[in-house]
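J.: Before we start, here is the structure in question, set down as structure tokens.
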Amino acid sequence: MAKLKKGTRCTVCKSKGEKTKAVVFLPHHRLALCREHFIQWFEKRVEKTVKEFRMFSRKDRILVAVSGGKDSLALWNALVKLGYEADGFYIDLGIDQYSQGSKELAYSFSEKIGRTLHIVSLKEQIAPIPVIDKATDRPACSACGTVKRYYMNRYAKQLGYSIIATGHNLDDEVAVLFGNTLRWEIDYLKRQYPVLKEEKGFIKKVKPLCKITEKESALYAFFNNIEYIEYECPFSEGASSIEYKEFLSKLEEKHPGTKLQFYLNFLKKMYPILKEHESKQAEEVKTCVICGEPSFSDICSFCRLKQKVEKVTDTN
Ligand code: AMP
Ligand code: ZN
Ligand code: ZN
């Protein structure tokens, strides 16, 4: 976050004739804010994003996918404060201390805000991530993503929620967008929208923090005394998305607003073209012959992964 010059006053307070000191400077919005007005700014921005992309209303039951990190806990806090019916869903990935620590933080946060946290353990359902990782040649993050998407969708339906909200922030979205653009991954690019509509067994998925940076969500968590897991998942080490994030942050430092413009212009100018292309060659949603969940092939990617895991665990 850009440095705040000593003695800078809060922009909002100043407009009301008050002289409160600013504690945050958001250069790409040209705003200096005090704690109270930063919290207000953050929540308004989330609410505006929810409305702009027609994500959900106060009548919907929302399941927030909570990792124990700053983004998903900040999101859950903001949604509940804004009056939405939002419960949490935590997937215990079985990654030693990382999972233990994040689960405890997610659980104590749910108690603090008085909302339900549903917990699913991979160890009980299929196998912990370190075992799954050994069963596949793909990077751990990719198998982990398959498993997380599968359980989020399946449990949201089972538990009677109509929306899944994840804590993906602007930095996440821009890093993925950048990587997919470098490789011109059209099939991934055309799915990179903050809302994935409900479709034949797939529940609606939304990303209400898509216009909030990583630093902004960390600050929101800090100002609200939200305790979150600070270290990254050990399996994500060396992931290319982390390199892209570092590179893009350097660019952002020199040219504030670059990330937001890259993302917003993609949504405004490129996404409609890709979507047009998609509707002409829409992939057919089938039903997985093994688990009955929606799939783009006869056996869903989760069940294919599960078969590989069973081969490894059977031989041990
Ligand atoms: P990540 O892929 O770790 O950057 O996480 C992106 C989003 O996925 C988070 O903000 C959460 O909403 C969700 N998520 C990640 N890990 C978990 C988990 N173990 N349980 C539930 N949701 C998760
Ligand atoms: Zn203020
Ligand atoms: Zn399946």
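J.: Considering only residues of segment 12-28 that are of a type outside the set (A, V, I, L, M, F, W, C) and either touching a helix residue (DSSP H, G or I) at 6+ places or on another chain (Cβ under 8 Å) or part of a loop (DSSP other than H, G, I, E, B) (or both), which is nearest to ligand 2 (Cβ to nearest atom)?
T.: Thr20
J.: Return yes when Ser57 is of a type in the set (S, T, N, Q) and within 24 Å of Leu196 (Cβ to Cβ) and no when it is not.
T.: So Ser57 passes the test.
J.: Moving on. Quick one: how many residues across segment 65-113 are farther than 16 Å from Glu232 by Cβ, of a type in the set (Gly, Ala, Ser) and surrounded by fewer than 22 Cβ atoms within 10 Å (Cβ to Cβ)?
T.: Summing the residues that are farther than 16 Å from Glu232 by Cβ, of a type in the set (Gly, Ala, Ser) and surrounded by fewer than 22 Cβ atoms within 10 Å (Cβ to Cβ) in segment 65-113 gives 4.
J.: If I go through segment 299-316 residue by residue, how many of them are of a type in the set (Asp, Glu) and either near ligand 3 (Cβ under 9 Å from one of its atoms) or exposed (fewer than 12 other Cβ atoms within 10 Å of the Cβ) (or both)?
T.: Count: 1.
J.: Please determine, by comparing only the residues of segment 188-244 that are part of a helix (DSSP H, G or I) and of a type in the set (D, E, K, R), which one is nearest to Pro130 (Cα to Cα).
T.: Taking the candidates together, the pick is Glu243.
J.: Can you tell me which residue within segment 44-79, out of those that are small (Gly, Ala, Ser) and in a helix (DSSP H, G or I), is farthest from ligand 2 (Cβ to nearest atom)?
T.: Ser72
J.: What do you reckon, is Cys13 hydrophobic (A, V, I, L, M, F, W, C), away from ligand 3 (no atom under 16 Å from the Cβ), farther than 19 Å from Ala221 by Cα and at pLDDT 95 or above?
T.: Yes.
J.: Does Ser142 count as among the polar types (S, T, N, Q) and touching an Asp or Glu at 6+ places or on another chain (Cβ under 6 Å)?
T.: For Ser142, the condition - among the polar types (S, T, N, Q) and touching an Asp or Glu at 6+ places or on another chain (Cβ under 6 Å) - is not met.
J.: Check segment 73-84 and report whether any residue there is within 21 Å of Glu227 (Cα to Cα), of a type in the set (D, E, K, R) and touching a strand residue (DSSP E or B) at 6+ places or on another chain (Cβ under 6 Å).
T.: Looking through segment 73-84, none of the residues is within 21 Å of Glu227 (Cα to Cα), of a type in the set (D, E, K, R) and touching a strand residue (DSSP E or B) at 6+ places or on another chain (Cβ under 6 Å).
J.: Based on this model, can you work out whether Glu52 counts as over 30 Å from Ser108 (Cα atoms), surrounded by fewer than 20 Cβ atoms within 10 Å (Cβ to Cβ) and assigned by TED's automatic domain parsing to the domain that holds Val195?
T.: So Glu52 passes the test.
Conditions tested, residue by residue: (1) more than 18 Å from Leu267 (Cβ to Cβ); (2) of a type outside the set (Asp, Glu); (3) surrounded by 18 or more Cβ atoms within 10 Å (Cβ to Cβ).
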{"residue": "Leu189", "(1), (2), (3)": "no, yes, yes"}
{"residue": "Ile203", "(1), (2), (3)": "yes, yes, yes"}
{"residue": "Ile212", "(1), (2), (3)": "no, yes, yes"}
{"residue": "Ala221", "(1), (2), (3)": "yes, yes, yes"}
{"residue": "Asn224", "(1), (2), (3)": "yes, yes, no"}
{"residue": "Tyr228", "(1), (2), (3)": "yes, yes, yes"}
{"residue": "Tyr231", "(1), (2), (3)": "yes, yes, no"}
{"residue": "Glu246", "(1), (2), (3)": "yes, no, no"}
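J.: Restricting the search to segment 103-119, which residues are among the hydrophobic types (A, V, I, L, M, F, W, C) and within 18 Å of the chain's Cα centre (by Cα)?
T.: Listed by number, the residues that qualify are Leu105, Ala106, Phe109, Leu117, Ile119.
J.: Quick test for you: out of Leu105, Leu93, Leu75, pick the one residue that is assigned by TED's automatic domain parsing to the domain that holds Lys211, near ligand 1 (Cβ under 9 Å from one of its atoms), over 25 Å from Glu310 (Cβ atoms) and touching a residue at least 12 places away in the same chain (Cβ under 8 Å).
T.: Selected residue: Leu75, the only one of Leu105, Leu93, Leu75 that is assigned by TED's automatic domain parsing to the domain that holds Lys211, near ligand 1 (Cβ under 9 Å from one of its atoms), over 25 Å from Glu310 (Cβ atoms) and touching a residue at least 12 places away in the same chain (Cβ under 8 Å).
J.: Give segment 105-139 a look and list any residue that's of a type in the set (Ser, Thr, Tyr) and not in a helix (DSSP H, G or I), or say none.
T.: Thr116, Ser121, Thr136
J.: In segment 150-161, which residues are without any contact (Cβ under 8 Å) to a residue 12 or more places away in the chain and farther than 17 Å from Ser121 by Cβ?
T.: Across segment 150-161, there are no qualifying residues.
J.: Considering (1) among the hydroxyl-bearing types (Ser, Thr, Tyr); (2) in contact with a helix residue (DSSP H, G or I) (Cβ under 8 Å, 6 or more places away or on another chain); (3) free of Cβ contacts under 8 Å to residues at least 12 places away in the same chain, say which one Ser57 fails and leave the rest.
T.: (2)
J.: Just a yes or no: is a residue in segment 30-43 in a loop (DSSP other than H, G, I, E, B) and either under 20 Å from the mean Cα position of the chain (by Cα) or at pLDDT 95 or above (or both)?
T.: yes
J.: Right, another one. Mind checking which residues of segment 137-161 are surrounded by fewer than 16 Cβ atoms within 10 Å (Cβ to Cβ) and touching a Lys or Arg at 6+ places or on another chain (Cβ under 7 Å)?
T.: Listed by number, the list holds a single entry, Gly160.
The values are calculated or read from the model by the stated rules, or taken from the named source; none is laboratory data. Since we're looking at a predicted model, the values are computed, not measured. Ideal geometry is used to build each Cβ from the backbone, glycine not excepted, and the neighbour counts take in all protein chains shown.
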